[in-house]
Every structure is written in C-alpha cells, then in structure tokens.
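Read through the structure below, which is laid out as structure tokens, and then see the notes.
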Amino acid sequence: MKRRWTGPLLAAAAAGAFAYVVSRQDWWAAALAGLFPSLPQTVFPTATVGELVIQHLEVVGISSALTIAIGVPLGIWVTRASGKDFREIVAAGVDFGQTFPPIAVLALMMPLLGFGFAPAIVALSLYGLFPVVSNTVAGLDAVPASVLDAARGMGMGRWRMLRAVEIPLASRVMMGGVRTSVIVNIGTATVAAATGAGGLGSPIFSGINLQNGAFVLEGAVAAALLAVIADAVLAQVEEALAPARA
Amino acid sequence: MIRLENVTKRYGETLAVDSLTLDIPAGEVCVLIGPSGCGKTTTLRMMNRLIEPTSGHIFVDEADVETLRPEQLRRGLGYAIQSVGLFPHLTVGENIVTVPKLLKWDKERMAARVEELLTLVGLAPSEYEGKYPRQLSGGEAQRVGVARALAADPPVLLMDEPFGAVDPLTRQRLQAEFVRIQRDLRKTVVFVTHDVDEAIRLADRIALMRGGRLQQYATPEEILDHPANKFVHDFMGADRALKRLGRVKVSDVMRTDVPTVDSSTRAADLRSRASCAEERFLYLVDGSGRLAGWFDCADLADGGGPESAMTSVDWRESAVASDASLKEALSRMLEFGFRSIAVVDGEGRLLGDVALPTIEAALGAGDTHVAAADGQGGARP
C-alpha cells in the first residue's frame, strides 16, 4: 500500500511554522502596535504568547485526554450487550453536556472545585464528550454485520473482536469525533481563563476588562491559529487510520 | 460426524426448528434446503452455537457442543457465509489466517497455508495475497471466504449460501470448484441453500425443511425419484428428470475420440479421409489442440481449406467445460440448436463431445420429459 507523505509533511511544516511565529514575541508586539497605534499597551504584559499557548495546550490536552478516556469506553460500552439499555440515556447525557453552556458549568463547579485549573478541566471535558461518544457509537455501528458474524463464527472472543476487528474498522470515524472535540475544545478553553486557569483566554478577558482590543486580538488570533493547526495535524492522524486503500 | 437429536428452537411463539433429528456422516455434503423461514440457517447456526437451541442436543464428533466453549468449538468448524464477511482492513492473506492466528500457529506455517489455500481455490497467491477485500470481485471474495473457512483444516465446514451473492455463471464455476475441492478434501460439509439446482449438484444428501420440520432427508436421486410428500415433490420442481441431469458430469459420459482436423488440412484431403466419410461434422483444432470451430463436410468448397466452411461460433459460448453438468450441456444445446456439443478444458482445448442421445440415455428409461427436446434440437449447424 502506498502512503502519501505530502499531507503529513505539510501538517508538520505548518505546526513548526506556528511554533516559530508564537515564539517570536517581537513580531506580535510589532504587529499589534501597528494595528493599534493609539493604545498605550498593545501586548499582554503578564505572559508571552508562547507561554499562553503552552498554558492553553495544557488545559486542552488534559481535558481532551479526559474526554477521550471517558468518551471512548462509554461509546464502546453502550454498543455492547451489557450497556445497550443505557444507550439512550448516555446519548441524552452527552448531548446535554454539549448544550449546557460551559461558562455555566464553570460557575457551578467553582464552589465545588475552587478557583483555577480543576473546574476548567471538568467543564471542558464534559463539553467535549458529545462528538467523541457519538462518533465512537457511529463507528462501531457501521461495522458490517456480516463481518461480525464471520468473526464470531470463526471463534473470536468478544475482546478479540473488539480489538482486532471493530476498533480498527471504527477508528477513522472515532478519530473524526476526537478531532471535532479537540478543535471545539481549543476555542472553548479560552473561557477557562475566567476561573484563572490561564491560557489564551487570559489576554481576551483582560482586554475586555481594560477595553484593550489589542489584547483581545492577541488571544483570539493565537487561539484561532492553534485550532487550524491542530485540525490539520489531527486530520493527518485520521487519514492514517483510514482502512487500507488500493 | 454431526448428529442432531430432537433439536428445537423457539422464538417466543414461533417454532423456528421443530424437534429436528439429523445424522450427517463424516465426509459427506449435507445440503439444508427449503423456502425462506424454514429453519435451515437457524439449524446451521445452532451447530456452532451462534444460536443456542431451546431444547435437544447437537453432537459434533460425538461431543455434545453444549459442553464445549463456543469459541473453541467454532475454531474447529470452518464457517463461510453468503455475505463473505471478509475483514476489510486486512489483506487477503491476513483474512485467510484468521483462525490459524487464533490457534497461534507460527508465521512460516501460516504463510505456507495461505499459499496452499489460494492455489486450492484457484487464485494466484503472489497476485492475491496482498490485495484488500475491496479490490476483489464477488467471485474472488467468495473464494477467499472459502479459503478462510478451510484455513485451519477443520474436519467440518458450515456454509450458509456461500455462493449466493454472485452471478449465475460465477456461481456455477464456484460450484464446480467446490465439487473438485471436496473430492480431495472429503470434509463433512453442512451447506445451506435455497437453490434446488445447487443442492442437487453438490449434495450427498439433501435435508429438505419446511416450517422448522424436516420433510425428507435423502440422496438427491432418492428425493427426485421418490419425494416423501407433495411439498417435497413441488419444491423440487416439475422438471425433476431434467434436474437429475445436474448430477451427471459431462466428463463422465462424453465421447473422447472425436473426429478432429487440423486447420492446415486441405479440403481435398479431407474428402478422401475416412473421417469425412463417416462423420458429417468435424471439429477443427489449432496447433495446440484448442477448438477453433467445426464444419459440415458437405459445405467444403473445392480447393478451399476447412476454414472456408467453418461455423464461426465462439467456443466460449457454445462449448461446455468438462466439469459442467449434463443439465448445463443440454441447456446450451437447446440454446444453440445443436444435437451435440463440444467439451473443452479451461484453455479451450477440445476434450470430447456430448450428443443428445447420450443425454437421453443418462435420463434413464423411466422418463420421457426430455426426450421431447430431441425434436427441437434440429440438425447441427
């Protein structure tokens, strides 16, 4: 099977370029100063863009990891005989998790988990569950019945079937859910700054408070770029999981 | 080898299988047949415990299947289904060694087995081993499905309409190959189909079911000649005599010393030759024995070669393979209006021919249905 290398190479190059741009604090300062000549301060003073991106990635990384760690097994479970009865409840639950505004979850979590990192992680993890769970279920549902019948009829056990047949066949769709979840998470995680979790939301909130458009733009542009880059990289992972082709 | 004792499967109020007792001897092909919903597939799936019977016992090789772990049991029973169910993310080779892998064979043994099986089912190993299922035609996929079922050399094969999803021509070819493979391997085969012709062609014994009940369990000849009841009679069809022809292979009755001439022979030589005096029609073969056509001696022009008189009919359409059944030969003859038909091998080499009287003889004295076809046959080309 031929694997195309141009896609992964382009994604890696884009990620590298992004990392470099983010590390050049002087570029950001110059660009923002040029755009907002009337403002006394055009660059968020507390942390550099690079530091903010790293904070942001921490929040996104941990919450997305939790989302996957919960969402994938949950999706698998409700497609098994033992969890079939809970399928509707779980679907409704994750649906609700996504419709419920994350900022409200943050507000509700704060009395329980305090200020800072923890409430943000909980809110973001719950918010991102929907695409992961629903795509896991959709991917597993799409495995042809004949393939499962053959696997069972040849003497594969349940775990073996899951590991060797179902997950490989569902992996691309599952990865699509992860990708959506992470991308949405990158945007939503800016809200996490409201509880003091840091990240690219910090300059945005600060900019709103101080009526400083430059700060807002700094955080927003960096977050948007991060989302685009993450999407490109995850698209390559998804592609790599596609079943073999001609 | 496989014994069912009063096996019943009930779904709520419906009896899918009703106290079925069946004894399938080792090395035989038992075809389960009947209209849809008759319980044939349920019966098959109870043998490898994909479905658990409501009551009764199933023995495979004297062991009650209930006492075996389902996974263990299934690895010993080859399983092939209509939809094939090849794993789309694995290559043909990887698909084939599914069960050997479960049985933890070593790599060399598996590789050797893949090659052996692909050859057995008529696919070139070097070409097919690395292909993915989506690159296969329907017929190729079915072959791989059969190879996969045979992979761990199980003594028993359970096949649920394994040739059901392909066009009639491919199906006939697969059936012929199944017959050939089974002649060597002598597996105990349980084969589900709803196609009477397929059952007659492949079965050592046919178990005809209706509404979960066994109607008759006998050899195809017995079932055709002595149907146990009206249902069996009707199900096997009015053309039972014709169906019997499905049991006879062309190669068993064909004439092998057919008159042939080489395409380089001159007409004058032909006339003087005894062959043209005795036979009106001669087959024309090329240097390597391949059938080129045939001609009527009367049509030979003076000085012209046999090609000038040759009937230009493509042998691929108007000749039959040696492993075809007499039924196929007859239908081909009726289609073209021939009184006899050439028999060729896979490369088109002439092996012999079959004439209408031979088919009449094969029908036996007792039947007159097909003798009527005599009149329709007309003169050859």
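The values are calculated or read from the model by the stated rules, or taken from the named source; none is laboratory data. Computed from a predicted structure; not experimentally measured. Because the Cβ atoms are built from the backbone with ideal geometry, glycine has one as well, and the counts that use them run over all protein chains shown. Only protein heavy atoms, including side chains, enter the accessible area calculation; ligands, DNA and RNA are left aside. Shrake-Rupley method; radii C 1.70, N 1.55, O 1.52, S 1.80 Å.
Across chain A, the mean sequence separation of Cα contacts (distance under 8 Å, 6 or more residues apart), normalised by length, yields a relative contact order of 27 percent. Rolling a 1.4 Å probe across the protein heavy atoms gives the protein assembly as shown an accessible surface of 45 Å² per residue. Once you order the gyration tensor axes a ≥ b ≥ c over the Cα atoms, which shape class does chain A get: rounded for a/c under 1.5, otherwise prolate or oblate by comparing a/b with b/c? Verdict is oblate for chain A. On a straight-distance basis, which aspartates and glutamates could pair with B:LYS9 in a cross-link, Cα separation under 19 angstrom, same-chain partners fewer than 8 positions away excluded? Filter leaves B:ASP18, B:ASP23, B:GLU52, B:ASP64, B:GLU66, B:ASP160.
Note on B:LYS104: aspartates and glutamates with a C-alpha under 16 Å away, same-chain residues under 8 apart excluded, are B:GLU71, B:GLU94, B:ASP153. Taking amide H as placed 1.01 Å from N in the peptide plane, B:GLY352 has its amide H under 5 Å from the amide H of B:VAL343, each at least 5 places away in sequence or on another chain. For the listed peptides A:16-22, B:347-353, a ranking on the average number of other beta carbons within 10 Å per residue, highest first, reads B:347-353, A:16-22. Between the amide H of B:ALA16 and those of B:LYS9, B:ARG10, B:TYR11, distances stay under 5 Å, these residues lying 5 or more places away or on another chain, with hydrogens modeled in the peptide plane. Pairing chain A with chain B buries about 1900 Å² of accessible area. This figure sums both sides and uses a 1.4 Å probe.
Note on surface exposure: A:ASP26, B:ASP18 rank A:ASP26, B:ASP18 by accessible area, highest first, 1.4 Å probe.
Rounded to the nearest 5, the antiparallel percentage of DSSP beta bridges internal to the protein assembly as shown is 60%. The accessible surface of the stretch A:1-110, taken with every protein chain in place and a 1.4 Å probe, is 72 percent carbon and sulfur. Computed over chain B, relative contact order equals 15 percent, with contacts defined as Cα pairs under 8 Å that lie 6+ residues apart. Contact with the other protein chains removes 40 Å² or more of accessible area, compared with the isolated chain and a 1.4 Å probe, from these residues of the stretch B:112-151: B:TYR132, B:ARG134. Backbone geometry of the stretch A:80-87 corresponds, through the Karplus equation with coefficients 6.51, -1.76 and 1.60 at θ = phi - 60°, to 3J(HN,Hα) couplings of 8, 4, 6, x, 3, 5, 9, 3 Hz, x marking Gly and Pro. Where only DSSP H runs of four or more residues are counted, chain A gives -25000 deg cm²/dmol as its mean residue ellipticity at 222 nm, each run worth -39500 (n - 2.57). Please determine, in degrees from 0 to 90 and to the nearest 10, the orientation of helix B:326-336 with respect to the longest principal axis defined by the Cα atoms of chain B, where the helix direction is its Cα long axis. Its long axis makes an angle of about 50 degrees.
Expressed as a whole percent, the accessible area of the stretch B:1-120 that falls on carbon and sulfur atoms is 50 (1.4 Å probe).
Using only Cα atoms, find the angle between the long axis of helix B:107-120 and the longest principal axis of chain B, and express it within 0 to 90 degrees, rounded to the nearest 10. Compared with the principal axis, the helix lies near 40 degrees.
Accessible surface ranking for A:PHE100, B:PHE163, 1.4 angstrom probe, highest first: A:PHE100, B:PHE163. Remark: spin-label model distance A:ASN209-B:GLU66 equals 7.5 nm, labels positioned 7 Å along the Cα→Cβ axis.
Here the protein assembly as shown has an Rg and Dmax of 35.7, 118 Å, counting Cα atoms alone.
At R0 = 51 Å, how high is the FRET efficiency between A:GLU51 and A:LEU241 if r is their beta carbon distance? Nearest 0.05 is fine. Taking R0 as 51 Å, the efficiency between A:GLU51 and A:LEU241 is 0.95.
Adding -39500 (n - 2.57) for every DSSP H run of four residues or longer, then dividing by how many residues chain B holds, sets the calculated 222 nm ellipticity at -9500 deg cm²/dmol. For chain B, the longest principal axis of the alpha carbon atoms and the long axis of helix B:168-185 meet at an angle near 70°. Across peptide B:86-92, the average count of Cβ atoms from other chains found within 10 Å of a residue's Cβ is 6. Once the C-beta distance of B:ASP23 and B:ALA124 is scaled by a Förster radius of 41 Å, the resulting FRET efficiency is 0.55 to the nearest 0.05. Going by accessible surface with a 1.4 Å probe and the largest first, A:VAL173, B:VAL156 read A:VAL173, B:VAL156. Here the spin labels are modelled as points 7 Å beyond Cα on the Cα-Cβ line, and at B:SER331 and B:GLU5 they lie 4.3 nm apart. Between the stretch B:181-232 and the stretch B:321-351, the C-alpha centres lie 26 angstrom from each other. For the stretch A:179-237 versus the stretch A:56-125, the inter-centroid distance based on Cα atoms is 19 Å. Residue pairs exceeding 22 angstrom between C-alpha atoms, taken from B:LYS40/B:LYS230; B:LYS40/B:LYS101; A:LYS84/B:LYS40: B:LYS40/B:LYS101; A:LYS84/B:LYS40. When each of the peptides A:218-228, A:106-116, B:83-93 is scored by the mean number of other C-beta atoms lying within 10 Å of its residues, the order from highest to lowest reads B:83-93, A:218-228, A:106-116.
Computed about the Cα centre, the dipole magnitude for the protein assembly as shown is approximately 1320 debye when only Lys and Arg (+1) and Asp and Glu (-1) carry charge, each at its Cβ.
When the other protein chains are added to the chain by itself, burial of at least 30 square angstrom of heavy-atom accessible area (probe 1.4 Å, ligands and nucleic acids ignored) affects these residues of the stretch A:128-156: A:SER146, A:VAL147, A:ASP149, A:ALA150, A:ARG152, A:GLY153, A:MET154, A:GLY155, A:MET156.
Take each residue of peptide B:75-85, count the partner chain Cβ atoms within 10 Å of its Cβ, and average: the result is 4.
Taking the stretch A:31-57 and a reference point 7 angstrom along Cα→Cβ of A:GLN25, the backbone N atoms nearer than 17 Å belong to A:31-33, A:41-56. Could you pull out every one of the lysines with an alpha carbon less than 17 Å from that of B:LYS327, ignoring same-chain neighbours closer than 8 positions? Excluding near neighbours in sequence, the set is B:LYS243, B:LYS249. Can you give me the Cα centroid spacing of the stretch A:144-178 and the stretch B:246-261 in angstrom? So the separation of the two Cα centres works out to 50 Å. Shape of the stretch B:2-245 from the C-alpha gyration tensor: oblate (a/c of 1.5 or more and a/b not above b/c, with a ≥ b ≥ c the square roots of its eigenvalues). Which shape class applies to the stretch B:1-128: rounded if a/c is under 1.5, otherwise prolate when a/b exceeds b/c and oblate if not, where a ≥ b ≥ c are the square roots of the Cα gyration tensor eigenvalues? Because a/c hits 1.5 or more and a/b exceeds b/c, the stretch B:1-128 counts as prolate.
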